[in-house]
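The values are calculated or read from the model by the stated rules, or taken from the named source; none is laboratory data. Predicted, not measured: the structure shown is a model, and the values here were computed from it. Reconstructed Cβ throughout: ideal geometry from the backbone, glycine too, with neighbour counts over all protein chains shown.
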Amino acid sequence: MKLYKNIFFLSLIVSGLFYIISSFYSYEQKFSSEIKSFRASISYIERDNSDLKYNILQSSIYAYYNQDETAKYVNLLQSDYDHLKNESILDDSNYADVKSHVNQLSPIVNDKINSIQKYLIINAGIKNSFIFLSREASKSNALFSSNDPIHLQITSLITTFSNARRILDSDYIDSNVNLLSSDVNYTQEQKEFITKFNLHAAYLKNNFKEFISLVNIILENNINTKLSSTNKVFDNISTHDTQILNYFTFFIITISSILFGIIIFLLIKIANENKTLKATQTQLDYLLTHDKLTSLFNRYEFEQLVASPNTEYTLLLINVDKFKQVNDLYGNSIGNILLQEISKLIQLEVLKSYIPKYFRVGGDEFAILLQQISTHDANIVANSLSNTILSHDFVVSDISIHVSVSIAINQEYPLLENADMTLKHIKKLPEIRYMFFDKKMNFLETIKTNINTINLVEDAIAEDRIVTFYQPILNIKSKKIEKYEALVRIIEKDGSILTPYTFLPIVQQTNLYQDITKIMIENVLQKAKVNSYRFSINFSMQDISNIPLMEIFFSQLESSNVSNLDIELLETEHLYNLSMVKDFILKVKKFGCNILIDDFGTGYSNFSYFSELEIDILKIDGSITKEINHNSKKLQIFKAISSFSDAIGTKTIAEFVENREIYKTIEEIGITYAQGYFIGKPSPILLEEDDITI
Amino acid sequence: MRYFVLTLFFGLTVFAKEPISPIPLNAPYDKQKALLGYRLFMDPILSSTNSVACASCHDIFSGGGADRNKVSFGVYNKKGNIQSPTVLNARYNFKQFWNGRAQDLYQQANGPIHNPVELNMTNKDVEKELSTSQLYRSLFLQIYKTNTIQFSQVIDAIVEFEKALTTPNSRFDRYLRGEKSLSQDEIDGYTLFKQVGCITCHNGINLGGNSMQKIGLFEEYKNQKNYPDLYSITHDPDYKNVFKVPTLRNISQTAPYLHDGSAKTLKDSVIAMSRYQLGSTLSNQEIEKIVKFLKTLDGETPKILKEKI
């Protein structure tokens, strides 16, 4: 926040400075251009004036003269003076003195122009008189006799005029200059000559003084004098102004320097603040990536590091065995100290060549990432890690504690998950202290399949795709279908049929199992109600020990009022609660149910059941039946089971009767019932008698 | 002694370089504006009665840019107070009007438009009148990039037209440039023109138009009535009968002559001038030669007048 404030302050200063300098600059520009313009105006007038003088002098000398130039300079003098009067600097009250000087120049300029005007008029007359006299004088020789004194008079007059003109001095022509005197004896022609001559001589005599004085006025320096005094006043004021401007420039430079200093200071300050900020950020970064307790890297950093699998890492995941108990026993603070000690202990010297990185990834879990380590070396390292911890005597607050660790070694992605799985594996095996993750463990795969299967079953239940199939069981003696076994199936979305072997073992570990049982119970009871065949349903120990499920079963059994339901007991080796099974059988027998023992002849089949439980039918395992024609041992077992059941008075069912040969054999042996593809495949609808082709 | 006198007079009269300059060829002007000015110059729309145009008193086609009448007639046939000077080559005059009261052509053009006995219009009248014309609106838009016609633009266009009214290549100009010869009489006329003193006032490009002079230097010029001379502006008695020296360009076409139009022919005006301004009497032969010279001053018709508007 402070930083932004500074930046704001800084930009304020810079823009302020820029504003001052730029307005000062524009003022200075305006001022100096005004000064220049004023001086130029003055010098134009000076030029006009001197050009005019030159022109006037020339025109006074030459007999005839092109006056265009004179006219031009008169006009220029007038307009340049008007221009000077309108100079913008004169509006400045500081220049009032200059302005009054300029105004005083006005009558001088007007006088000058007026004088030139009058000069041009008189000059025309004087010129024409001279021209006339110069032309006429020569005529006198012819007109007058050579001894006529008029010649002397003419010569005297002309000498006077020409001297006066050459010297431009009016004193040469005074009132005493005598005109030609006429004589009564002169002829008319002579008299006219004298009249004309005198007309011009008189003009010269009368106007020459005026002419000279006008020339003198025109040649007078009054305009330039006034201009230079104006210039002087102007210079005084403008020098003063320039000086002020210079002071101001100095002031601006000083201020700029100070501001520049402040800016530098602020920049340094900002740089320092950036430094602090960077330090804070470094600290934050540290906190983000490190474990507070042990100062090792934390799980976040671990995940960051392995997120981009550019490097081939070997992970050693170390779990402190029974840490919870240590914590419970000694308290958290000691537990923490223990963890800190372990964090130091695991940083073995030998690991250094594998570019190790140490992490605390969980409460009691450490991870070491190693690079370029062989499987063999990894095992050795894990072993020495385990030994180091195991042999270390942790003395905390005078208590000596010994702990052991389990170490999972893994190079396969996902690193942590695979190692975790391996650790779980190790924990089940007390003698193992470290283990390399093996792809064949395939934990992941299993978990994935399990999850998929559970999802599949859930969906099937929700969408009513759990169906019951019925497989016929033939009475070999009567050659008649007497019973049906109810079998669970899932119809998949694409119409294919799943057998329970693919899903039931997984589902058994979940609550979905009892849902499936419920569906089966419902379906079979419905079927039994409307058919006279006997129907058998499979129950496991899990079903029987599920009291709420059994309550539902018995209430439905009672309300359906059927007596043609049989129970097949599954997984007989796991009938661990015999008394419960006994109670169940007693209860179910009241509803006319027969009890079948499924899959007899495999596993740890317990003959003691037969003494404890009221078994009605013995179902010989399909794996025996299937091979009676090829495997004599199996045939002997089959025969033994048959005789045994005969002996204890139970009926027998042979499963997996797949062909006529098997059927014939079991018929000979004297088995009560046959079940299998040879008799009929499981089907959602019951097979009719006609379908049996034996 | 006689020879002495003659030598003396050689010293008295110093001859300078040629006192007359030819009219420049291709004098610069803005043609588009000048053409608009041409139209305005010819158009009586600029008078309050829609009856009088600039051209009414400045006959640019056959009157040498001046008026054949002694004085001009404005709106309601009101009489002017002085002989209308020519508008041709006016750009080379140092001031405008007989008494030089206008510093330049812009000031001059303002005069007759507002004069109650000439065109009798105010600025607003002119702007309003022209704005009613679709043609003028589009012409001003095209040239001055404006939707509202301003009086200053009207003046500007007229002045630009007047700048185009120059008459170069007179026989005399071509003689000065060495392109053409003149007859002996004409050359003699020019020599006389200089020798007797006409050149004192009639010099420069326009043979005049570059100074104010008093009519009646050697003998008082008696006017029939009051004319607006320089005295009427300055009230300085020295300036009584002081007028701008008129140009002699195209002089053969601008009769009648003098400020009062009192000289009907060139001969009359040469006689009057030599009497009042030179104080001498010229012989018939001399006068004829000078008149012949004056006739060599007729220039070409201004090019712009050949344009169609």
**Message:** Any residue at all in the range B:193-212 that's buried (at least 22 other Cβ atoms within 10 Å of the Cβ), at the interface with another protein chain (Cβ under 10 Å from one of its Cβ atoms) and among the charged types (D, E, K, R)?
**Reply:** no
**Message:** If I ask for residues that are farther than 22 Å from A:PHE211 by Cβ, crowded, with 16+ Cβ neighbours inside 10 Å and free of Cβ contacts under 8 Å to residues at least 24 places away in the same chain, which ones from the range A:150-168 would you list?
**Reply:** A:HIS151, A:THR155
**Request:** Answer with yes or no whether A:ILE490 is at pLDDT 90 or above and either closer than 30 Å to A:MET421 by Cβ or touching a Leu at 6+ places or on another chain (Cβ under 9 Å) (or both).
**Result:** yes
**Request:** Test A:LEU105 against the criterion of being within 14 Å of chain B (Cβ to nearest Cβ), closer than 30 Å to A:ILE237 by Cβ and touching a residue at least 60 places away in the same chain (Cβ under 8 Å), and give yes or no.
**Result:** no
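Select from the range A:528-548 the residues that are of a type outside the set (D, E, K, R), within 60 Å of the chain's Cα centre (by Cα) and under 18 Å from A:LEU570 (Cβ atoms) and write down the one among them that is modelled with the lowest pLDDT. It would help to see each step written out before you state the result.
Of the residues in the range A:528-548, the ones of a type outside the set (D, E, K, R) are A:528, A:530-533, A:535-542, A:544-548.
If we keep only those that are within 60 Å of the chain's Cα centre (by Cα) as well, we get A:542, A:546, A:548.
If we keep only those that are under 18 Å from A:LEU570 (Cβ atoms) as well, we get A:542, A:546.
Details: A:GLN542: 82, A:ASN546: 87.
Applying the filter and picking the extreme gives A:GLN542.
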**Prompt:** Counting only residues that are under 19 Å from A:LEU199 (Cβ atoms) and not hydrophobic (A, V, I, L, M, F, W, C), which one in the range A:160-180 is farthest from the other protein chains (Cβ to nearest Cβ)?
**Reply:** A:SER175
**Asked** Regarding A:ASP183, is this residue surrounded by fewer than 20 Cβ atoms within 10 Å (Cβ to Cβ), of a type outside the set (Gly, Ala, Ser), assigned to a helix (DSSP H, G or I) and away from chain B (no Cβ under 12 Å)?
**Response** no
**Request:** State yes or no: is A:ILE368 at pLDDT 90 or above and under 40 Å from the mean Cα position of the chain (by Cα)?
**Result:** yes
**Prompt:** Say we look at the range A:136-150 and pick out the residues that are out of contact with any His (no Cβ under 9 Å at 6 or more places or on another chain) and facing chain B (nearest Cβ under 7 Å); which of these is nearest to A:GLN58 (Cα to Cα)?
**Reply:** A:ALA137
**Message:** Being in a loop (DSSP other than H, G, I, E, B) and in contact with a helix residue (DSSP H, G or I) (Cβ under 7 Å, 6 or more places away or on another chain) is the filter here; which residues of the range B:104-121 pass it?
**Reply:** B:GLU118, B:LEU119, B:ASN120, B:MET121
**Asked** In the range A:301-347, what residues are hydroxyl-bearing (Ser, Thr, Tyr) and touching a helix residue (DSSP H, G or I) at 6+ places or on another chain (Cβ under 6 Å)?
**Response** A:THR314
**Message:** The conditions are (1) closer than 27 Å to B:CYS54 by Cα; (2) among the hydrophobic types (A, V, I, L, M, F, W, C); (3) surrounded by 20 or more Cβ atoms within 10 Å (Cβ to Cβ), and B:ILE143 fails exactly one of them. Which is it?
**Reply:** (3)
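Against the condition over 17 Å from the mean Cα position of the chain (by Cα) and under 29 Å from B:ARG91 (Cβ atoms), how does B:ASN210 come out, does it pass?
Considered against the rule, which asks whether it is over 17 Å from the mean Cα position of the chain (by Cα) and under 29 Å from B:ARG91 (Cβ atoms), B:ASN210 comes out as no.
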**Prompt:** Any idea how many residues of the range B:162-212 are part of a loop (DSSP other than H, G, I, E, B), β-branched (Val, Ile, Thr) and closer than 30 Å to A:ILE122 by Cβ?
**Reply:** 2
**Prompt:** When you go through A:ILE567, A:ILE519 one by one, which is the residue that is crowded, with 19+ Cβ neighbours inside 10 Å and at pLDDT 90 or above?
**Reply:** A:ILE567
**Message:** Could you tell me how many of the residues in the range B:263-279 are small (Gly, Ala, Ser) and within 14 Å of another protein chain (Cβ to nearest Cβ)?
**Reply:** 2
**Message:** With among the hydroxyl-bearing types (Ser, Thr, Tyr), facing chain B (nearest Cβ under 8 Å) and over 30 Å from A:HIS240 (Cα atoms) as the only criterion, which of A:TYR62, A:TYR73, A:TYR119 stands out?
**Reply:** A:TYR62
**Single residue of the range B:213-261 satisfying the filter (among the aliphatic types (A, V, I, L, M) and touching a strand residue (DSSP E or B) at 6+ places or on another chain (Cβ under 7 Å)) that is surrounded by the fewest Cβ atoms within 10 Å (Cβ to Cβ)** = B:ILE215
**Request:** Name every residue in the range A:76-97 that is hydroxyl-bearing (Ser, Thr, Tyr) and either touching a Ser or Thr at 6+ places or on another chain (Cβ under 9 Å) or away from every other protein chain (no Cβ under 13 Å) (or both), in order of residue number.
**Result:** A:TYR81, A:SER88, A:SER93, A:TYR95
**Message:** Being of a type outside the set (Gly, Ala, Ser), more than 14 Å from chain A (Cβ to nearest Cβ) and closer than 19 Å to B:LYS289 by Cα: is that true of B:ASP260 here?
**Reply:** no
**Prompt:** If you check A:ILE56, A:ILE35, A:ILE45, A:ILE13, which single one turns out to be touching a helix residue (DSSP H, G or I) at 6+ places or on another chain (Cβ under 7 Å), closer than 30 Å to A:PHE260 by Cα and in contact (Cβ under 8 Å) with a residue 24 or more places away in the chain?
**Reply:** A:ILE13
**Request:** For A:ILE685, indicate whether it is surrounded by 15 or more Cβ atoms within 10 Å (Cβ to Cβ) and β-branched (Val, Ile, Thr).
**Result:** no
**Message:** Within the range B:87-103, take every residue that is charged (D, E, K, R) and more than 23 Å from B:ILE304 (Cβ to Cβ) and give me the one that is surrounded by the most Cβ atoms within 10 Å (Cβ to Cβ).
**Reply:** B:LYS95
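Here is a yes/no grid of residues against (1) surrounded by 19 or more Cβ atoms within 10 Å (Cβ to Cβ); (2) part of a helix (DSSP H, G or I); (3) within 19 Å of the chain's Cα centre (by Cα); (4) modelled with pLDDT of 90 or more:
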| position | (1), (2), (3), (4) |
| --- | --- |
| B:TYR3 | no, yes, no, no |
| B:LEU6 | no, yes, no, no |
| B:LYS17 | no, no, no, no |
| B:PRO22 | no, no, yes, yes |
| B:GLN32 | no, yes, no, yes |
| B:LEU35 | yes, yes, no, yes |
| B:ARG39 | no, yes, no, yes |
| B:SER51 | no, no, no, no |
**Fill in**
Checking A:SER406, A:SER400 in turn, the sole residue that is within 45 Å of the chain's Cα centre (by Cα) and farther than 22 Å from A:ILE447 by Cα turns out to be A:SER406
**Complete:** The condition of being touching a Lys or Arg at 6+ places or on another chain (Cβ under 7 Å) and more than 11 Å from chain A (Cβ to nearest Cβ) holds, among B:TYR231, B:TYR221, only for B:TYR231
